[in-house]
1. Name the helices (runs of 4 or more DSSP H) wholly within the stretch 5-97 that hold at least 1 residues that are of a type in the set (F, W, Y)?
2. Right, K293: farther than 26 Å from V219 by Cβ and of a type in the set (K, R) or not?
3. Go through the stretch 215-239 and count every residue that is in a loop (DSSP other than H, G, I, E, B) and without any contact (Cβ under 8 Å) to a residue 40 or more places away in the chain.
4. Restricting attention to the stretch 279-312, and to residues there that are under 27 Å from L361 (Cα atoms) and assigned to a loop (DSSP other than H, G, I, E, B), which single residue is nearest to the ligand (Cβ to nearest atom)?
5. Residue by residue through the stretch 81-113, note down the ones that are of a type in the set (D, E, K, R) and modelled with pLDDT of 90 or more.
6. Mind checking which pairs have a first residue in the stretch 349-371 that is farther than 17 Å from E317 by Cα and a second that is small (G, A, S), Cβ under 6 Å, 6 or more apart or different chains?
7. Would you confirm, using the coordinates I've provided, whether L31 is out of contact with any His (no Cβ under 9 Å at 6 or more places or on another chain) and in contact (Cβ under 8 Å) with a residue 40 or more places away in the chain?
Amino acid sequence: MNESNSTDLLLDISILYRSTQKYYDKMLQSLSLTYAQLPILILIYEHEGISLQQIAYEGGYDKGTITKQVQKLQETGYIRVQSSKRDKRAKELYTTQKARSIMNKIYGIRASWWQHISASIPEEDMQKFSTFYKTMVVSAREFAQKDQEDIVFFDHQKLNVEIDPGKMSTIVWTGGCNFRCPFCDRSQFIFLKEDSRVITGAKILQYLKKRQNVLDQLVITGGEPLMHAQLDPFLREAKKMGYQIRIEINGSYPQHLQDLIKAKLVDQVVMSLKNTPEKYGQSIGVDQTEIQKIQRSVDILLHCDLDVRFTILPIKEFHSQKDLIEMISWLKDAASIELRTYHESMESIQKDLHGYTYQELQSLLPKLQEITPNIKLKGGSL
Ligand code: SF4
């Protein structure tokens, strides 16, 4: 593992959480308490008469979790629940004598764990850390409560004139992909770092509005854009501004594709075909092939009236010449097929793969063109 992955806060928090849980569960076993119940018990002890709702808010719990843990605390005799004198429908929670008699021990367990994990950190740094993490908790709570409906992107190229010659395009990259193609050269959009640059859909729409009379086309690529249901309202806004929309997909979300076509939210679709049906799984790096979905997407695209382009990236480790012939035969009714050349990059998922060279593809081309003339070579990878 490499030490430079200093931004993996999620993993660090998870390690800290699980180690803390192990320690507390061991120390609390003799008291028939668990780590999950402890913060709730402490909250009740420090705020006798607190309500379920207040605990849920203070601890960031959902209602189901809090109800379950409170029930367990009640069953073990550590707390009692009574109706509020002010409002009979409201419940107030109190600790019992049994709980109060063990609180000193619990605080001792807590202090000893804190001392243990902070022993090598100077006091001044610990105070700063405490301020930082409290600020992060506030931000996390606020963010978790926000409406998460807006799509986010992880890169934006404001102007591109090469992706579709003759058109002024702007390109955005979505994050995440359900495939792990070994020859993928975009791992930065699949294994997203916590400090990845995030650009909201709203921000991109502002940009599109400003450039409305300059740009022709919005290109959505990824990752796999069709993983994101929030894409549709974003595209609707871009369409209202008159943009042509090109989307680059892996073909594993046929229903979403169909919906976009039906809603007229897309003008051009580029689908990368990874291999023959039998060998598809090997080329997408995940167990399940989901070949029916790929076949359905190919069918949809072969029978729609959009500008559709299929791309193939021939790699010697995955595609024999026979496989390439079979793939082209699968797409023989397509209006446009591009064979691309592979270039390894820092972001390639698997290193040391061997793509067919331009010359090799050129010499193979006449044979492939016997199947369909709509096939051409193009430099550049996916
Ligand atoms: S090549 Fe495309 S489909 Fe494959 S992992 Fe990369 S982004 Fe996903």
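The values are calculated or read from the model by the stated rules, or taken from the named source; none is laboratory data. Bear in mind that the values here come from a model prediction, so they are computed numbers and not experimental data. Neighbour counts are summed over all protein chains in view; Cβ atoms, including those assigned to glycine, are modelled from backbone coordinates with ideal geometry.
1. 9-28, 38-46, 52-59
2. Against the criterion (farther than 26 Å from V219 by Cβ and of a type in the set (K, R)), K293 does not qualify.
3. Residues meeting the conditions: 1.
4. Taking the candidates together, the pick is G285.
5. K98, R100, K105, R110
6. Every condition considered, the pairs that remain are I371/S329.
7. yes
Okay, residues lined up against (1) in contact (Cβ under 8 Å) with a residue 12 or more places away in the chain; (2) loosely packed, with under 12 Cβ neighbours inside 10 Å; (3) within 40 Å of the chain's Cα centre (by Cα):
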residue: D62; (1), (2), (3): no, yes, yes
residue: Q69; (1), (2), (3): yes, no, yes
residue: K105; (1), (2), (3): yes, no, no
residue: Q115; (1), (2), (3): no, yes, yes
residue: S118; (1), (2), (3): no, no, yes
